[in-house]
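Every number here is computed from the coordinates shown, using simple stated rules; none is lab data. Everything numeric in this text was worked out from a predicted model, so none of it was measured. Don't worry about glycine lacking a Cβ; one is built from the backbone with ideal geometry, like all the others, and counts go over all protein chains shown.
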Amino acid sequence: MATRPKRFPRQEFTQLQSRIMTDRLRAMSEQVVTVSLASPFGLACVAYAMADVVPRENLILWLIIAGIGHVMAITMGLLYLRRSRGMADNSLWMQMFTLRAALIGLSWGSSALIIWPERYDHQLLLMLFLVGFTSISTISNSALRRCVIAVYFGTWIPPVARLATTDSHEHQSLAVMMVIFSGIMLATLLRYSRQLLDATRWRFENVELAETLQQEQSRTEAANRAKSKFLAAASHDLRQPVHALGFFLQTLRVSAERPQPDRAKLIEVTRQAQGTLKGLTGLLDTLLDFSRIEAGTIPANVESVAVRPLLHTIAHQFTERAQRKGLTLRVRPCILSVRSNPVGLQRIVGNLVENAIRYSQRGGILVACRQRGDKLRIEVWDTGQGIPPNELDAIFDEFYQVKTSLPGSEHGLGLGLSIVKQLADLFGHKIEVCSRVGRGSRFALTVPIAEPELENPTMGPLTLSAISPAVSGFLLLIDDDDDSLDAQSELLTQVGYRVLTAHSADEALDLLATRSPRLAAVIADYRLAHNRTGIEAIDQICKTIGRKLPALIVTGDTSPHIDEAVAAAGHPLERKPLAPRAFLKKVRILVSRRP
């Protein structure tokens, strides 16, 4: 069935256009009401001048028609001014005001048909009245160009048609003159109306600009306050583990320098130092994630991710930390696979578990999965302090932290849940939270289910005994930082790799020229001395030995252009700090590649 067309189709306006139109309609309503209130005087003058030259019944008929037109104009103006209205009604009001302008113009223009006098001098007088009415009426309607046009055409079409259709040359000449005069007046008034509209637009644009600047200033001030708090918290949280590491290392040195060092004590202090370093690495990882999200350098690509090994990794990563707080971490296995980003998904679930441990003082944390149709909900339950209802939306804001008065509670940087929300949005996942104060919270991540993929049987869990350093060649490490170079070289040597080290590309080339070793792979820092890059160093080495080598770029720089440059060179990229176990795993994958 065909739909019935609307009588007044509505025109869509932008927010700024709606505000301008509302102001113009209000101004025109005030002007029209004021002018129409003076209309009885004008109608009385016309009636007095024409009383002796036109039939009385015609004069009364015209006065009724004109009076109705002015009453309608006053009524419509008062209705607009007194009734509440929304900006969405502007299109309808514009059409109603245009129709009103046309009708009131016609009510005066009809005088040429109803009370047209026989005498030429009275005809000129009536035309003079119409000129006066048109001038006043168009000025009062100048807020809207369409109303100006409606008044003009409504007023002048009847008298010009009356003059042009007579046989009198005087009347025909007068008709031409009135067309020219009304055309000039109409063009002038339309230009004036455009100037009024432009002035109103500029005023509102200035107001809108001032409001925008005020909002931006408020946001900037809020961001500065939040970042000041963040920097204070970050400085405190970074200094604490560094301070503890200094004491642990000094203790290790003192113990090792004794004639008969306590081996058990050395192992315990080393374990404590590793735990502190792990916490420091977690803080730096959070800062790195945040900076990469801010820079927009995290890839949004998704693939099939098996949930079971991911949850095993989460359990291995956080069980010891939960036990140190007297909490129980339970992870229920899941055999499904989901469509997500493997690194991003692990960071999301890891942040949720870390947050649960931070705000829990007793009980435990449960990580479980629930299938809902073609979606999987990965849920993290805790028995912590809970989140007040008025803070449930704010917890995903940057630098926001739920206030807690629990003794021994941990404080973070206020970025964990913000990273969770931004990563979830990036990968198209849904994150939900429900909480009861004093009872605990539940965070749920909803991801689409994918077809499970067969696991690679050759890549088992990473242990030092599982590393196979039987590589026919040397690993070449290039890093201009002595500590980083020594630490990586020592670790690789301890697990059985043969390692060569260099501080720059030139030093590496000299080493190759003097010793001519067979290289298996190159691991280079991105930024090297003399404004050189690891990519350039790898290219020079490959050209020198005449073959392509597997290579890994490692950097602590978070600049987005580095990801693009390394990807274009075809090398994998890892960012510092990199956990030793993860580093060894990357090296094992690297040396297994065939150039």
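Quick notes
- Ordered by the number of other Cβ atoms lying within 10 Å of each residue's own Cβ, fewest first, Asp506, Asp382 fall into the sequence Asp506, Asp382.
- Potential lengthening between Leu81 and Glu490 on full extension [0.36 nm per residue; Cα-Cα distance subtracted]: 138.9 nm
- When the P(r) of the range 15-213 is calculated, the portion above 29 Å amounts to 29% of the C-alpha pairs.
- Among Leu584, Leu37, Leu475, a tally of other beta-carbon atoms within 10 Å of each Cβ gives an order, fewest to most, of Leu37, Leu584, Leu475.
- Cβ-derived FRET efficiency at R0 51 Å, Val207 paired with Ala579, nearest 0.05: 0.40
- Full-extension gain in nm, Ala394 to Arg518, via 0.36 nm per residue minus C-alpha separation: 38.9 nm
- Neighbour counting of Cβ atoms within 10 Å sorts the residues Glu57, Glu507, Glu170, fewest neighbours leading, into Glu57, Glu170, Glu507.
- Each residue of the range 433-440 was assigned a 3J(HN,Hα) from its phi angle through the Karplus expression (A = 6.51, B = -1.76, C = 1.60, θ = phi - 60°), giving 9, 9, 8, 10, 4, x, 10, x Hz with x at Gly and Pro.
- Euclidean distance between Cα centres, the range 474-492 to the range 16-65, Å: 93 Å
- With the biggest extent put first, the Cα atoms of the range 302-450 measure 43, 29, 24 Å across the principal axes.
- Here the Karplus curve 6.51 cos²θ - 1.76 cosθ + 1.60, taken at θ = phi - 60°, turns the phi angles of the range 206-214 into couplings of 5, 5, 5, 5, 5, 5, 4, 4, 5 Hz, with x standing for Gly and Pro.
- Here the label points at Leu99 and Ile184, each 7 Å from Cα along the C-beta direction, are separated by 3.6 nm in the simple model.
- ³J(HN,Hα) computed for each position of the range 104-110 - Karplus, 6.51 cos²θ - 1.76 cosθ + 1.60, integer Hz, glycine/proline x: 5, x, 5, 5, 7, x, 5
- Ser135 versus Asp483: modelled label distance in nm, points set 7 Å from Cα along the beta carbon direction: 8.9 nm
- Normalised size of the range 505-595, defined as Cα radius of gyration per 2.2 N^0.38 Å with N residues, equals 1.07.
- Taking 0.36 nm per residue of separation and subtracting the current Cα-Cα distance, fully stretching the chain between Ile267 and Glu564 would add 102.7 nm.
- In this rough spin-label picture, where each label sits 7 Å from Cα along the Cβ direction, the Ser173-Asp374 distance is 8.4 nm.
- As a calculated quantity, the FRET efficiency between Lys548 and Glu216 at R0 = 60 Å, using C-beta atoms, amounts to about 0.75.
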